[in-house]
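Working notes, structure below.
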Amino acid sequence: MLATLEGAVTAAVLALTAVGLSLVFGVMRVVNVAHGEFFMLGAVLAWWVAHLAGGHAAVGFGLALVVAPVLVGLIAALADVAVLKRVGYDPERTIVATIGILYIIQQVTLMTYGPDARPVEPPFNTRIPLPWFEFTDQGFALYWPWGLSTTSYKLAVIGASGVVLLTVRLLMTRTRIGLLMRATQLDRETALAFGIPVDRVYAVVFAIGAGLAALAAVLIVPISQAHYLMGGDPLLLSFIVVIIGGLGSLPGTVVAAILIRLSDGIISVFFSPTLAKILATLLVALVLVFRPQGLFGGARA
Amino acid sequence: MLELDAINAGYGRAQILRDVSLTVAPGEILCLLGRNGAGKTTTMKAIMGLLPLMSGAVRFKGEPISDLPAHRIPGLGIGYVPQGRRLFGELTVAQNLEIGLMVRRAGRDTLEDVLGLFPRLRERMQQRADTLSGGEQQMLAMARALCLEPELLLMDEPTEGLQPSMIEAIRQVVVLMRDRGTGILLVEQRVDAVLSIADRVAFIENGRNVDTLDASALRADHSLIERHLGV
Ligand SMILES: Nc1ncnc2c1ncn2[C@@H]1O[C@H](COP(=O)(O)OP(=O)(O)OP(=O)(O)O)[C@@H](O)[C@H]1O
Ligand SMILES: [Mg+2]
């Protein structure tokens with residue numbers, strides 16, 4: 001039960017990160033290896049903002065929640081125009097280019113922020129006891145054991161992630177920029193022939209993708225900590241999630257994130273974390289063999 | 001209104017078009033004929049700015065447009081019906097048309113006008129474009145281009161794979177647009193399908209345009225066509 005809730009928190013954050021990666025791949029056909037570094041940058045910027053803001057924890061955190069994703073988005077847009085556009089969005093060259101961006105971001109962070117892991121205080125953090133139930137001789141009984149609890153902040157993370165994911169969905173399906181993004185994704189050349197500024201759409205998509213990773217990191221940083229090497233895991237897990245969920249499929253990505261994290265949490269508790277990682281990797285291999293378009297991806301022409 | 005001045009273009013280092021020159025006047029249908037692989041589609045893409053020119057110039061209403069970024073060209077009033085339709089398949093009919101309307105910020109009146117020309121689309125506004133029949137898809141490709149109120153219309157084999165009644169419907173729309181003063185550059189395989197409506201015919205062979213003739217001359221002397229197409 002506790003494993004499930006902890007799993008749900010990390011699943012929510014993973015879903016946000018993976019949706020960013022999936023969006024970038026879907027629209028731009030760019031495999032963004034630097035995605036994890038945008039995540040890390042979000043966490044580190046959150047620490048800076050909270051640190052500089054001072055005052056009540058909620059002020060710094062609230063500020064970080066806005067400033068970090070926006071800043072990271074701007075940096076990403078800059079990287080898109082200055083680097084990815086220059087290599088013509090060629091699939092192989094963008095992989096190499098984003099590896100380069102990865103190291104630049106990582107090393108600059110190490111030089112400025114340092115090698116320490118630093119916490120950000122959550123804006124609120126009330127302990128909420130969780131009920132547990134048991135079948136006794138008297139029948140079904142509910143009770144609140146000491147030590148079994150979550151915090152209001154963790155529940156808020158789950159809620160906030162849900163809201164953001166819903167917003168992304170509405171952005172893609174209901175708005176004009178979403179329409180331009182989907183048209184660009186479906187047929188870049190025809191999009192150009194109908195006046196869609198594909199370059200600008202790409203920059204916006206890359207910024208939104210990185211911004212989502214940064215937002216996920218701001219949400220998780222009060223629970224874990226900000227560290228310059230924290231980008232590796234989210235990158236790897238996002239790739240797993242995006243492959244299982246189907247490239248470019250938003251619902252698929254979310255379901256896959258929940259699947260991976262919940263099973264990871266439960267298997268880790270009852271067996272071992274290594275087994276969980278092995279099973280996740282095995283699942284990816286199976287999906288790649290039997291459903292290359294992902295569990296939820298439609299067949300592509 | 002459209003003028004290609006000795007353009008050379010191609011894909012990467014492979015040059016396809018060599019010194020292609022042609023003009024289209026307002027209210028005129030210029031038909032571009034040539035064998036498979038002659039460079040007809042490449043000509044269209046070069047006009048739309050989708051291919052960089054190696055040399056030469058494309059002018060529209062007297063202004064050179066070949067230096068503009070590709071996405072600025074449709075906004076000048078050039079509608080494009082690509083070969084193979086190239087609809088945004090996962091989007092609905094309404095969304096495909098909306099993308100056309102956005103190009104020059106056209107409004108409801110334009111949409112109503114276009115749907116008046118293609119009533120079958122009106123019943124299917126919420127249907128996904130890739131679930132339309134072949135004929136309906138071609139109508140949508142035409143309608144999408146008309147939504148930007150084009151002054152010049154480029155159409156690449158709009159009757160490919162269609163039955164005669166559908167070809168007739170499309171031909172009527174083309175004639176109507178011409179009568180409204182739109183310049184039309186029409187690529188076709190089947191000479192007979194267009195000879196009756198074309199004003200002039202340009203022949204292209206191996207990326208060079210060999211001749212431009214009045215359609216009336218071709219109608220009078222069919223052997224001219226056979227000579228130029230080598231069939
Ligand atoms: N993307 C591309 N890359 C390289 N070469 C291309 C590309 N597209 C077309 N070509 C080549 O350019 C030449 C002209 O092609 P184009 O599509 O313009 O012919 P077309 O006259 O439209 O023929 P069709 O009647 O079959 O449509 C062909 O030899 C073709 O192989
Ligand atoms: Mg062609």
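The values are calculated or read from the model by the stated rules, or taken from the named source; none is laboratory data. Here the structure is a predicted model, which means the values were calculated and not measured. FYI the Cβ positions are ideal-geometry reconstructions off the backbone, even for glycines, and counts take in every protein chain you see. Please note that ligands, DNA and RNA were not included when accessible areas were found on the heavy atoms of the full protein model with its side chains. Shrake-Rupley method; radii C 1.70, N 1.55, O 1.52, S 1.80 Å.
Sort B:45-57, B:212-224 for me by packing, meaning the mean count of neighbouring Cβ atoms within 10 Å per residue, highest on top.
B:45-57, B:212-224
Multiplying the sequence separation of A:Tyr103 and A:Ala117 by 0.36 nm and subtracting their Cα-Cα distance, what value in nm do you get?
Gain on stretching A:Tyr103 to A:Ala117: 3.2 nm.
Pick from B:Arg13, B:Arg105, B:Arg124: which is most flexible by mean-square fluctuation in a GNM of chain B where alpha carbon atoms under 10 Å apart are linked?
Among B:Arg13, B:Arg105, B:Arg124, the largest GNM mean-square fluctuation belongs to B:Arg13.
Check A:Ala226: other-chain or 5+ apart residues with amide H under 5 Å from its amide H, H built from backbone geometry?
A:Arg118, A:Val120
Along the Cα-to-Cβ line of B:Asn36, 7 Å from the Cα, sits a label point; which residues in segment B:141-168 have backbone N less than 14 Å from it?
B:161
Over segment B:1-131, what per residue volume does the convex hull of the Cα atoms give, in whole Å³?
Convex hull of Cα atoms, per residue: 140 Å³.
Mind giving me the nanometre distance, one decimal, between the label points for A:Ser224 and B:Arg120, set 7 Å out from Cα along Cα→Cβ?
Each label point is offset 7 Å from its Cα along the Cβ direction, giving 5.5 nm.
Within 10 Å of each Cβ of B:70-79, how many other protein chain Cβ atoms are there on average?
4
Once the dipole of the protein assembly as shown is set up with Lys and Arg at +1 and Asp and Glu at -1 on Cβ about the Cα centre, which of B:Tyr11, A:Pro131, A:Leu275 lies farthest towards its positive end?
A:Pro131
In whole percent, and with a 1.4 Å probe on the protein chains, what portion of the accessible area of chain A is carbon and sulfur?
Of the solvent-accessible surface of chain A, carbon and sulfur hold 71 percent.
Pull out the extension gain between A:Arg174 and A:His56, defined as 0.36 nm times the separation in residues minus the alpha carbon to alpha carbon distance; nm, one decimal.
Stretched out fully, the A:Arg174 to A:His56 stretch lengthens by 38.7 nm.
What residue among A:Ala207, A:Gly60, A:Leu16 has its Cα farthest toward the positive end of the dipole of chain A, where the charges are +1 on Lys, Arg and -1 on Asp, Glu, each on the Cβ?
Result: A:Ala207.
Rounded to the nearest 0.05, what FRET efficiency is calculated for B:Arg59 and A:Glu92 with R0 set to 41 Å and r the Cβ-Cβ distance?
After rounding, the FRET efficiency stands at 0.60.
Using +1 on the beta carbon of Lys and Arg, -1 on that of Asp and Glu, and nothing else charged, what's the dipole of the protein assembly as shown about the Cα centre, debye to 20?
420
Per residue, how much accessible surface does segment A:200-301 expose to a 1.4 Å probe? Answer in Å², no decimals.
46
Given R₀ = 25 Å, FRET efficiency for B:Gln172-A:Glu189 by Cβ-Cβ distance, to 0.05?
E(calc), rounded to 0.05, equals 0.30.
For chain B, what does the relative contact order come out to in percent, with C-alpha contacts under 8 Å and a separation of six or more?
29
Enter the buried accessible area of the B/A pair, total of both sides, probe 1.4 Å, in Å² rounded to the nearest 100.
That pair hides around 1800 Å² of surface in total.
With 30 Å as the limit, write out which pairs from B:Lys40/B:Lys61; A:Lys85/B:Lys61; A:Lys154/A:Lys277 have Cα-Cα distances beyond it, or answer none.
In this structure, A:Lys85/B:Lys61 lie more than 30 Å apart at Cα.
Just to verify a number: FRET efficiency for A:Leu279 and A:Thr167, C-beta to C-beta distance, R0 = 25 Å, to 0.05?
The computed FRET efficiency comes out at 0.20.
Based solely on its DSSP helices, what 222 nm [θ] is calculated for the protein assembly as shown when runs of n ≥ 4 H residues each add -39,500 (n - 2.57) and the sum is averaged over all residues, nearest 500 deg cm²/dmol?
-17500 deg cm²/dmol
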